[in-house]
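The values are calculated or read from the model by the stated rules, or taken from the named source; none is laboratory data. Keep in mind it's a predicted model, so treat the numbers as computed, not measured. A quick note on method: Cβ atoms are made from the backbone with ideal geometry, for glycine too, and the neighbour counts reach across all protein chains shown. With ligands, DNA and RNA removed, areas are computed over all heavy atoms of the protein, side chains included. Shrake-Rupley method; radii C 1.70, N 1.55, O 1.52, S 1.80 Å.
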Amino acid sequence: MDKKEQTSQKKELDRKNMLVVIILGSIAIGLYAGFIYFYSS
Amino acid sequence: MSEAVIHDDHHDHKPSGIGRWLFSTNHKDIGTMYLVFALIMFFVGGAMSMVIRAELFQPGIQYVDPQFYNSMVTVHALVMIFGALMPAGVGLANWMVPLMIGAPDMALPRMNNMSFWILPFAFTLLLSTFFMQGGAPAGGWTMYPPLVLQLGDGFPYLVFAVHFLGISSIMGAINIIATVFNMRAPGMTFMRLPLFVWAWIITAFLLIAAMPVLAGGVTMLLTDKYFGTAFFDAAGGGDPVMFQHIFWFFGHPEVYILVLPSFGVISQIIPTFSRKPLFGYTSMVYATASIAFLSFFVWAHHMFTVGMPLTGELFFMYATMSIAVPTGVKIFNWMATMWRGSMTFETPMLFAIGVLFMFSIGGFSGLMMGITPVDFQYHDTYFIVAHFHYVIVPGIIFGIIGGIYFWLPKWTGNMYDEKLGKLHFWISTISVNVLFFPMHFIGLAGMPRRIPDYSVQFADWNSIISIGGFVFGASQLILVWVVIKCVRGGEKATDQVWEGAHGLEWTLPSPPPFHTFTTPPKVTDATAHS
């Protein structure tokens, strides 16, 4: 595998990891905020 | 040894000094830090339980005033659950998940560092409350209002400590999910994952779903105390019982957050020392997922005596009992794995069998309490204390200790002292039963929990229980000695360590190089656990 291919694979992996962080992080923050909003409304 | 591993040996550059630990992004170093932190917290929480047992050795007030006793009970629970058990599970996951799936590290190494370093900060906040006006939290780890709102200056520290612990756990959970989803070696399909990894994926999802609920609940407590809201204040139109629902919606899944990693560990140990593949791998995965799913529908069994409609009580009773089905599947599969296996009884296997027997005792008493009318008799007695300590100590802590003995030769490159390990197991097992089994009797006889004094009729059993507690506490020093001795030297461990061990982690040298699997290995049915 040449260096260019390795870099592109690394970028693709970083993108997938960030996607997991954004999705799961949003779920956690959404649950927290939504929960308080639900009880305060 | 695989080609990838030989390649790694040539690039084994470890950072040195304190920076190696402060700024570490290496999963093995962070795993070690989690485990050491958990061990320290285990002794801090354990010291508090020694105070509790010393006070209860005889009836009457002996050594501490009731307020301090209540603080000991409360902070013991918080420290053990959030400081010892959860970090120990995450420590094992940090060490083993990348090695088991053929990944070079965790997916998000910097976040991994931050998840760990939040913990000492959060516990400094929590433990500093002992030196504040009003003392440390004393209303129970459940933090029920209005009692918890009577806490003095320590209250916001308690709330923020819980927030930080939640943030740390959620970051750790996201990291584990990202690692397993995105960084598995080629050929490592989901149904080839070791059971320990499966247990951790499911635990991670539980954490993401449950922790924000607790964080939301304690935030509302904070606004009730300082910002004039009345979420849980009956005088302002709020409902204090609502907090109990919120707390246990988090609290029951939390039990499975603690126990599933322990189940994952013994699912690795039992096949190894039975020299057979795990019986019913697929059913184990589905049973673990079912336990996690059902855990969100049983919370109110902690609140039967609070008062709720009969339909509600029936629903939560049947839902609670239904969890016994997937749990029974797991117990059956572990026993079937051992059936006609070529078994040997090294220390990790002894601890795993200990989990099997003694977790079942806790499970059965749990079933008894799940029966609504019966729970009215047991509620708030020592029967409950016996039940959850059987689940937590021999069910979870024994699993974690078994995992430490199992993987210690891999981590250090040296075999531990088997004689000392077995001595640790037997003293722990005998003393843990002397400690917790008689609590069933005094609970059934009506001794209430969380009280520093008691009727003289309970005096004999309480003395025996306290002796069991002191011996159990002291016997854990054997573990510390075994670990120190093993780190310092001993018989060299082979790469496979155990004759019956299978999986990627056992193809690496013992100890594994600082960087592993920089070139991903190819996984086939022969190299996968299943």
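Scan the range B:445-454 and give yes if some residue there is at pLDDT 95 or above and part of a helix (DSSP H, G or I), otherwise no. No: the range B:445-454 contains no residue that is at pLDDT 95 or above and part of a helix (DSSP H, G or I). Here is the figure for the range B:163-206: residues that are closer than 19 Å to B:GLY264 by Cβ, assigned to a helix (DSSP H, G or I), more than 9 Å from chain A (Cβ to nearest Cβ) and not aromatic (Phe, Trp, Tyr) total 13.
So in the range B:212-244, with the set limited to residues that are charged (D, E, K, R) and in a helix (DSSP H, G or I), which one is farthest from the other protein chains (Cβ to nearest Cβ)?
The selected residue is B:LYS225.
Anything in the range B:175-187 that is open to solvent by 10 Å² or more (accessible area, probe 1.4 Å) and on the phi < 0 side of the Ramachandran plot? List them, or say none.
If the condition is that a residue be open to solvent by 10 Å² or more (accessible area, probe 1.4 Å) and on the phi < 0 side of the Ramachandran plot, then B:PHE181, B:ASN182, B:MET183, B:ARG184, B:PRO186 are the ones that fit.
Mind checking whether some residue in the range B:267-283 is at pLDDT 95 or above, closer than 15 Å to B:PHE332 by Cα, small (Gly, Ala, Ser) and under 22 Å from the mean Cα position of the chain (by Cα)? Checked the range B:267-283: at least one residue is at pLDDT 95 or above, closer than 15 Å to B:PHE332 by Cα, small (Gly, Ala, Ser) and under 22 Å from the mean Cα position of the chain (by Cα). Annotation: B:ALA209 fulfils all but one of (1) more than 30 Å from B:PHE517 (Cβ to Cβ); (2) buried (at least 22 other Cβ atoms within 10 Å of the Cβ); (3) within 11 Å of another protein chain (Cβ to nearest Cβ); (4) touching a residue at least 60 places away in the same chain (Cβ under 8 Å); the unmet one is (2).
Return yes when B:GLN268 is away from chain A (no Cβ under 13 Å), more than 30 Å from B:GLY403 (Cβ to Cβ) and not hydrophobic (A, V, I, L, M, F, W, C) and no when it is not. Criteria not met by B:GLN268. Go through the residues of the range B:55-64 one by one and say whether even a single one is in contact (Cβ under 8 Å) with a residue 24 or more places away in the chain, part of a helix (DSSP H, G or I) and farther than 30 Å from B:PRO109 by Cβ. Within the range B:55-64 (the criterion being in contact (Cβ under 8 Å) with a residue 24 or more places away in the chain, part of a helix (DSSP H, G or I) and farther than 30 Å from B:PRO109 by Cβ), the answer is yes, since at least one residue qualifies.
A search for C-beta distances below 6 Å between a residue of the range B:131-149 that is in contact (Cβ under 8 Å) with a residue 24 or more places away in the chain and closer than 13 Å to B:VAL159 by Cβ and any residue that is outside any loop (DSSP other than H, G, I, E, B) and open to solvent by 30 Å² or more (accessible area, probe 1.4 Å), counting only pairs 6+ apart in sequence or on different chains, returns B:GLY139/B:LEU147; B:PRO145/B:PRO240; B:LEU149/B:LYS225. Does at least one position in the range B:410-420 carry a residue that is closer than 22 Å to B:ASN94 by Cα, among the hydrophobic types (A, V, I, L, M, F, W, C) and surrounded by 21 or more Cβ atoms within 10 Å (Cβ to Cβ)? Yes - at least one qualifying residue is present in the range B:410-420.
Taking the criterion of being within 11 Å of chain A (Cβ to nearest Cβ) and surrounded by fewer than 22 Cβ atoms within 10 Å (Cβ to Cβ), the residues of the range B:98-118 that qualify are B:PRO104, B:PRO109, B:MET111.
Residues in the range B:162-191 that are more than 21 Å from B:ILE30 (Cα to Cα) and of a type in the set (Gly, Ala, Ser): B:ALA185, B:GLY187. Within the range B:119-130, the set of residues being touching a residue at least 40 places away in the same chain (Cβ under 8 Å) and either open to solvent by 30 Å² or more (accessible area, probe 1.4 Å) or of a type in the set (A, V, I, L, M) (or both) comprises B:LEU119, B:PRO120, B:PHE121, B:ALA122, B:LEU126, B:LEU127, B:PHE130. Within the range B:300-334, being exposed (fewer than 13 other Cβ atoms within 10 Å of the Cβ) and closer than 15 Å to B:SER283 by Cβ holds for one residue alone: B:VAL325. Considering the range A:28-41 alone, what residues qualify as being open to solvent by 80 Å² or more (accessible area, probe 1.4 Å) and in a helix (DSSP H, G or I)? Selection gives A:ILE29, A:TYR37, A:PHE38. Taking (1) touching a residue at least 24 places away in the same chain (Cβ under 8 Å); (2) open to solvent by 20 Å² or more (accessible area, probe 1.4 Å); (3) not charged (D, E, K, R) in turn, B:PHE227 satisfies each apart from (1).
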